[in-house]
1. Using the structure shown, decide if Gly156 is crowded, with 19+ Cβ neighbours inside 10 Å and modelled with pLDDT of 95 or more.
2. Just wondering, is there one or more residues in region 267-275 that are farther than 25 Å from Asp118 by Cβ and touching a Cys at 6+ places or on another chain (Cβ under 7 Å)?
3. Phe170 versus (1) without any contact (Cβ under 8 Å) to a residue 60 or more places away in the chain; (2) buried (at least 21 other Cβ atoms within 10 Å of the Cβ): which is the lone unmet condition?
4. Tell me, which helices (runs of 4 or more DSSP H) lie completely within region 192-308 with 1 or more residues that are outside the structural domain of Asn449 (by TED's automatic domain parsing) and of a type in the set (Val, Ile, Thr)?
5. Out of (1) surrounded by fewer than 24 Cβ atoms within 10 Å (Cβ to Cβ); (2) within 18 Å of the chain's Cα centre (by Cα); (3) modelled with pLDDT of 95 or more, what's the single condition that is false for Pro241?
6. Looking only at region 328-336, decide whether some residue is under 30 Å from Pro300 (Cα atoms), touching a residue at least 24 places away in the same chain (Cβ under 8 Å) and part of a loop (DSSP other than H, G, I, E, B).
7. For region 277-305, enumerate the residues that are touching a Ser or Thr at 6+ places or on another chain (Cβ under 6 Å) and at pLDDT 95 or above.
8. Could you grab the pairs with beta carbons closer than 7 Å, sequence gap of 6+ or different chains, first residue in region 137-166 and assigned by TED's automatic domain parsing to the domain that holds His115, second one among the basic types (Lys, Arg) and in a loop (DSSP other than H, G, I, E, B)?
Amino acid sequence: MSQPRPMVYRDLVPTFPDPETWTFDHVLRHHAAQRPDAVCLDVPEEDATWTYAQALESAERVASTLYRSGAAQGDRVVIMNLNSSQLVRTWWGTAVGGLVEVPINTNYEGEFLRHQLDIAQARYAVIDDAFVERWVAIAEHVRGIEKFWIRDTGVGIRDKAISLLTETGFQAAAWEELESGAKVELPTPKPQDLGAIFYTSGTTGPSKGVAMPHSQLYFFGQEVVCLTRLTAEDVYLTTTPLFHGNAQFMAVYPVIVAGGRAVVRAKFSASRWIDHVRDSGVTVTNFVGVMMDFAWKQEPRENDRDNKLRCVYAAPTASTIVKQFQQRYGIEAFVDAFGLTETCAPILSPYGVPRPPGAAGLQAADWFDIRLVDPETDREVPVGEIGELVVRPVQPWTCSNGYYNMPEKTLEAWRNLWFHTGDALRRDEDGWYYFVDRYKDALRRRGENISSYEVEQAFLQHPSVTECAVVGVPAEVEAGEDEVLAVVVTAEPVDPQALLSWCRGKIPAFAIPRFLRIVDALPKTPSEKVRKAALREAGITTDTFDRTALSALKEG
C-alpha cells in the first residue's frame, strides 16, 4: 500500500503575476497611480504619515539628489539610521533610483563597522548624527565615501556632527538636502539588478554581505503577504530595527506589495506593545525571538482583547503559549516560516492550519526545491532523521546572487548546485519541517545575529588572551535563542570582569558575552580545530563567570 504524499504549502500566489514587475519601483508606482491618497507609511513617534503619492515623490527626490551628487546606477548607499521615516524614505529612494541599499547595524563600531564598509565599497552614506564619531574613528578606512547626509536625532548635535565630518575631509550635509532640489530622469531597475546588501552573522569567518536582487526582495515581501493574508485594508506594525530584513523586507515591503499601511515604531516595548497595536488599529504584526515571551509576561488587562489584531507572524512561535496568547488578545492566527536572507523562506506555515508543536511549516514546493542532507556527503537523509537544509529556487532571481565581494564564500555555500544553509532540520512523514539546531557557529541573542568569529577576534586583541572560542548556550526564556559564552586561554591571570569591560567599544554591546570561562586549554580535534560541540555540551560550569549575576549582586 502506497504512503500518502507529504503536504506542501500551496498558498503562495504572487500579487503581481509577471516576474518582470518584481521591483519596488514598479510596485510603488502601481499603488501611487491606483490609490495615491491611501496612507502607506505611519510613524507615530514623528506624528507623521505619507500617502503612496507622497512616498513616490519623496523617493524620486532622494534618488535625484544622489544622482545629482554623482551617483551611477548600481552604486552602493550605506544607511545607518535608527528606525525613522528618514531611514524608510532613503531606502525607498535607493530602490526607485536603481541604487543599492546597504543597511548597517546601528550598534556597530570599530572592526565590525570597518569590515562591513570594506565589503560594500559604497560611495555615499546616510547616517545618524550620533554615529558620526564612530565613522571618524575609522576615517582612513572609509575614504571612498564621497558624501554623507546626516539625520538629526533630536539631541542637538547634528551641526556639530556635520562639522566634524568636514573637518576630517569629507563632504557632509543635513538629511533634508536629499528631499530638496529638482528631480532628474531616473533609470528603471530590472528584477535581476542588485537591490540591497544585507549582512548576516559570520560563522567560520567574518560576516558576509548577501547580494539581494530586486526580484528576491520583492519575493520575500510577497511570501509574507501570502503567509499573513495581507490586503490593502491591513495595518502592519513593525518594532524591530529596519537594518534587519525582518522589519524591512518581511514587514514594510509586504505592506507596499499589498497596498496597505505600515506602522513603524522606534523600538519594541513589551509593556506598551498592546497599546501600540490598539492605538494604530494594527491588524498584523510580527515577533522575533523573545518578543512574544516578553509580551506574554506582561500583567493581563481587562481590555487586552480590545484591538483589531488578526494575525501574528512569530519566528519562532513559542508553541507552549500560543493558544493562550490567541485567547488573551483575540488573535485569529499565528504563522511562522523558515528561511535565510540568502534564500527567502522555502518553508511556510499555512494560515489557520493547526501545526504540530515546534513545526516551522511546509515546503513551498512550487517555488523551492529543498532537501535535508548529510553535511559531510550531501546525500539526502531518510524522513525523520536530522539533516542540513539545502535549497535552490524554481523561479529565477528569488535567491541571492551570492556574497558580495566574497566569491570564494559564494562557491562554498552553493556547492553541488544547492545552497547550504548550515541549519539542522528534520521532516516528519506528513511534510512538516522542524528546526533542530545550527551546524554553523553563528549565534542569535534577543533578535541580534552575532558572529562568533568577530567576537573571538576582539578577545584575541587583548594582550593576555592567547586563544578564544565563543559559543551559544541556551537562554532562560522560551524563544530566547542564545546567551553568549566565551571560553579563553590567557598567558597570565586576568580578572573576568575587567576582560569583558575591555571589550566595550570593540564589539557591539549585545555581542559582549554574558558568560566567561578562563581555562588552561581549549578542547581540540587532531587537526587542531576547536571542538565547540564539547564547549556547548559542558555549558555553564561552576567556574564560569556570569556578569549578569554580578550586576544583580551589586544592585542588591
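1. Numbers: crowded, with 19+ Cβ neighbours inside 10 Å: no; modelled with pLDDT of 95 or more: yes.
So Gly156 fails the test.
2. no
3. Among (1) without any contact (Cβ under 8 Å) to a residue 60 or more places away in the chain; (2) buried (at least 21 other Cβ atoms within 10 Å of the Cβ), Phe170 violates only (2).
4. Ranges flagged: 214-228, 253-258, 273-279.
5. (3)
6. The answer is yes, given that some residue of region 328-336 is under 30 Å from Pro300 (Cα atoms), touching a residue at least 24 places away in the same chain (Cβ under 8 Å) and part of a loop (DSSP other than H, G, I, E, B).
7. Val284
8. Gly144/Arg123; Ile145/Arg123; Glu146/Arg123
The values are calculated or read from the model by the stated rules, or taken from the named source; none is laboratory data. Computed from a predicted model, the values in this text were never measured in an experiment. Don't worry about glycine lacking a Cβ; one is built from the backbone with ideal geometry, like all the others, and counts go over all protein chains shown.
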